[in-house]
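As structure tokens, the structure follows; a few thoughts come after it.
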Amino acid sequence: MFIYETKVRVRYAETDRMGFAYYGNYATYFEVARVEAMRTLGMSYKQLEDGGVLLPVSEFTTKYKKPAYYDDELTIRVMVRDIPKVRFNFYYETYNEKGELLNTAFTQLVFVNKINGRPTVVPTQLLSLIKAHF
């Protein structure tokens, strides 16, 4: 399993009237974690796209347990638990500074050929980088 953690701080503009981090912002937080996790693996999204493969999100689910607030520093943990083929699954956990679990989430992305827009298999270079963690 591959695990990566990054930190994000809740900005004032990301809160709602209740003072909570607005739930819709978590998709962005998870994208930040996913993009940096890919970079840490050894292949950036830009490299993947320049190589002719896109990676759109096909599924996104979140279970909220506790709110985050303005100026909280959040730790986003992203995990790859299985070897991708055509679909690439990412699992997330968000923690506050006290180490409390705020939410869990899942995204499924699909490898898509940039030219014809059809699903394709994981590029061999990325597959090798991922397999090194299993």
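Any read-out appearing in this document is the output of simple, stated calculations on the displayed coordinates, not a laboratory observation. Not measured: the values here are computed from a predicted model. Positions of Cβ are backbone-derived with ideal geometry, glycine not excepted, and every protein chain shown enters the neighbour counts.
If R0 is 35 Å, the Cβ-Cβ spacing of E5 and L54 corresponds to a FRET efficiency of close to 0.85. Measuring nothing but how far apart in sequence close Cα pairs (under 8 Å, 6+ apart) lie, relative to its length, segment 2-131 scores a relative contact order of 29 percent.
In a shell of Cβ-Cβ distance under 14 Å around V53, excluding V53 itself, what net charge do Lys and Arg (+1) and Asp and Glu (-1) give? All intermediate terms of the calculation are to be shown ahead of the outcome.
Numbers: positive: K46, K85, R87, K114, R118; negative: E49, D50.
Combined, the nearby Lys, Arg, Asp and Glu give +3.
Going through [x] 1.03; [y] 1.11; [z] 1.33, the figure that equals Cα Rg over 2.2 N^0.38 Å as computed for the structure here is [y]. Measuring between their Cα centroids, segment 69-134 and segment 1-46 lie 11 Å from each other. Full extension of the chain between T62 and Y45 gives 3.8 nm of extra length, using 0.36 nm per residue less the Cα-Cα distance. Computed from the Cβ-Cβ distance with R0 of 30 Å, the FRET efficiency linking N113 to A13 stands at 0.20.
Go through K63/K98; K7/K66; K66/K98; K63/K131; K63/K85 and tell me which ones have a Cα-Cα distance over 21 Å in this structure.
Numbers: K63/K98 19 Å; K7/K66 17 Å; K66/K98 12 Å; K63/K131 29 Å; K63/K85 26 Å.
K63/K131; K63/K85, as the Cα separations exceed 21 Å there.
Tally Lys and Arg at +1 and Asp and Glu at -1 over the other residues with C-beta under 14 Å from the C-beta of E5: what net charge comes out? Don't skip to the end; give the middle numbers.
Values: positive: K7, R34, R39, R77; negative: E36, E73, E93, E97.
With Lys, Arg at +1 and Asp, Glu at -1, the neighbours total 0.
Among the GluC sites (Glu not before Pro) in segment 54-134, those located in a DSSP loop and surrounded by at most 16 other Cβ atoms within 10 Å of their own Cβ are E97, E100.
For T75, the shell of other residues with beta-carbons less than 15 Å away shows a net charge of -1, using +1 for Lys and Arg and -1 for Asp and Glu. Per-residue ellipticity at 222 nm, computed for the chain from helices alone with -39500 (n - 2.57) per DSSP H run of at least four residues, works out to -6500 deg cm²/dmol. With a cap of 16 neighbouring Cβ atoms within 10 Å, and only residues DSSP puts in a loop, list the chymotrypsin sites (Phe, Trp or Tyr not before Pro) found in segment 1-80. Sites meeting the loop and neighbour criteria: Y22, Y70. Taking a straight Cα-Cα cut-off under 16 Å and skipping sequence neighbours fewer than 8 places away in the same chain, the aspartates and glutamates within cross-link reach of K65 are E93, E97, E100. For T120, the residues whose amide H sits under 5 Å from its own are F111, V112, N113, ignoring neighbours fewer than 5 places away on the same chain, with H placed 1.01 Å from N.
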